[in-house]
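The values are calculated or read from the model by the stated rules, or taken from the named source; none is laboratory data. Quantities reported herein were computed from a predicted structural model and do not represent experimental measurements. Here Cβ is always computed from backbone atoms with ideal geometry, including for glycine, and neighbour counts include all displayed protein chains.
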Amino acid sequence: MSPLVFVPLLIVASILSVFLLGIRIVRPTHRGLIERLGKYRRFAKWGFNWIIPLVDRIIRVNITEQMVDAQPQEIITNDNLNARVDAQVYFKVKEDEASVKNSQYNVNNYQFQIVNLARTTLRNIIGTLTLKSANSERDKINTALLTTLSKETQNWGMEIVRTELKEIDPPKDVQETMNKVVKAENEKVAALDFANAVERQADGEKRAEIKKAEGIKQAKILAAEGEAEAIRLVNEAANTYFIGNAQLLRKLEALEKSLSQNAKIVIPSGSELVNVIGEMAGILPITK
């Protein structure tokens with residue numbers, strides 16, 4: 001091959017090799033920082049990017065949500081008990097250029113830093129609480145941990161999404177004692193509930209008996225009032241129709257006595273029954 005042909009081919013091959021060697025593909029889950037000879041040059045978004053081989057280098061940064069485990073540790077609570085505590089921290093690097101730069105240039109290995117910061121913060125928080133309150137106030141601990149981590153990492157170009165307290169386990173002997181206490185408290189509550197139920201049942205039966213007695217009493221009162229009203233009406237009738245007519249009443253009684261022995265009375269036509277009864281006063285029936 002003649003030098004006139006070889007040299008151009010060599011140049012083209014060299015250029016093509018340099019171009020191919022400089023291709024960098026950034027996934028949508030990452031962003032890139034391109035440095036030239038150790039100095040920040042530009043920001044690489046997702047997709048196709050090209051750098052000068054051996055001169056430039058690209059640092060890819062994951063911007064998706066990530067999780068780190070704070071790793072179990074023994075913490076002494078405020079009541080001098082050892083508790084095994086573990087937590088998880090969820091975070092992500094913000095996708096803008098400044099945040100990606102801060103995650104690389106403001107902190108060395110941010111995942112390792114977050115883990116240690118979370119462990120230290122947990123010791124400070126739980127150390128002020130008793131073991132019982134630490135178990136019952138998990139939301140409070142998570143909120144305090146999240147607040148502290150967000151404040152301390154605000155210059156790291158990342159967002160602390162949430163924190164989760166995985167476990168707060170006391171020593172085995174303390175756990176057994178706590179279980180016994182909880183069992184005793186539950187039995188006490190159950191006994192109180194049973195006693196209250198029995199008391200409510202007794203009160204209900206008592207009220208039912210009282211209602212029944214009141215009903216009987218009211219019925220008797222109404223019956224007595226009815227009898228009294230009937231007597232009153234009879235007295236009023238007697239006073240109305242028999243005042244000054246005692247003699248007539250006597251004649252009626254004699255007539256009733258006569259008729260009781262089947263006596264026959266003939267009443268003349270045109271005579272008043274009252275006059276006939278008056279004339280019969282003192283007459284007795286003839287005995288056979």
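Across the stretch 21-38, a minimum of one residue is classified as in contact with an Asp or Glu (Cβ under 6 Å, 6 or more places away or on another chain), exposed (fewer than 15 other Cβ atoms within 10 Å of the Cβ) and modelled with pLDDT under 95.
Working only within the stretch 25-48, note down all residues that are in a strand (DSSP E or B) and more than 54 Å from the chain's Cα centre (by Cα). Before you say what the answer is, go through the steps one by one.
Keep residues of the stretch 25-48 that are in a strand (DSSP E or B), which gives 25-26, 30-36, 39-44, 47-48.
Within the stretch 25-48, GLU35, ARG36, LYS39, TYR40, ARG41 qualify.
Here ILE58 clears all of (1) more than 56 Å from the chain's Cα centre (by Cα); (2) closer than 30 Å to GLU97 by Cβ except the condition numbered (1). Contact map, the stretch 134-151: residues that are closer than 19 Å to ARG84 by Cβ and surrounded by 15 or more Cβ atoms within 10 Å (Cβ to Cβ) paired with residues that are modelled with pLDDT under 95 and charged (D, E, K, R), Cβ distance under 8 Å, separation 6+ or inter-chain. Pairs shown: ASN142/ARG162; ASN142/GLU164.
I'd like to know if the stretch 61-74 contains one or more residues that are β-branched (Val, Ile, Thr), surrounded by fewer than 15 Cβ atoms within 10 Å (Cβ to Cβ) and touching a Ser or Thr at 6+ places or on another chain (Cβ under 9 Å).
Going residue by residue through the stretch 61-74, those that are β-branched (Val, Ile, Thr) are 61, 63-64, 68.
Keeping just the survivors that are surrounded by fewer than 15 Cβ atoms within 10 Å (Cβ to Cβ) gives 64.
Now restrict to residues that are touching a Ser or Thr at 6+ places or on another chain (Cβ under 9 Å): 64.
Yes, that holds for at least one residue.
Picking from residues in the stretch 49-81 that are assigned to a strand (DSSP E or B) and of a type in the set (D, E, K, R), the one that is farthest from LEU149 (Cα to Cα) is ASP56.
Output the helices (runs of 4 or more DSSP H) that fall wholly within the stretch 93-212 and possess 1 or more residues being among the acidic types (Asp, Glu), or say none.
Working: elements: 97-105, 110-126, 131-136, 138-152.
Result: 97-105, 138-152.
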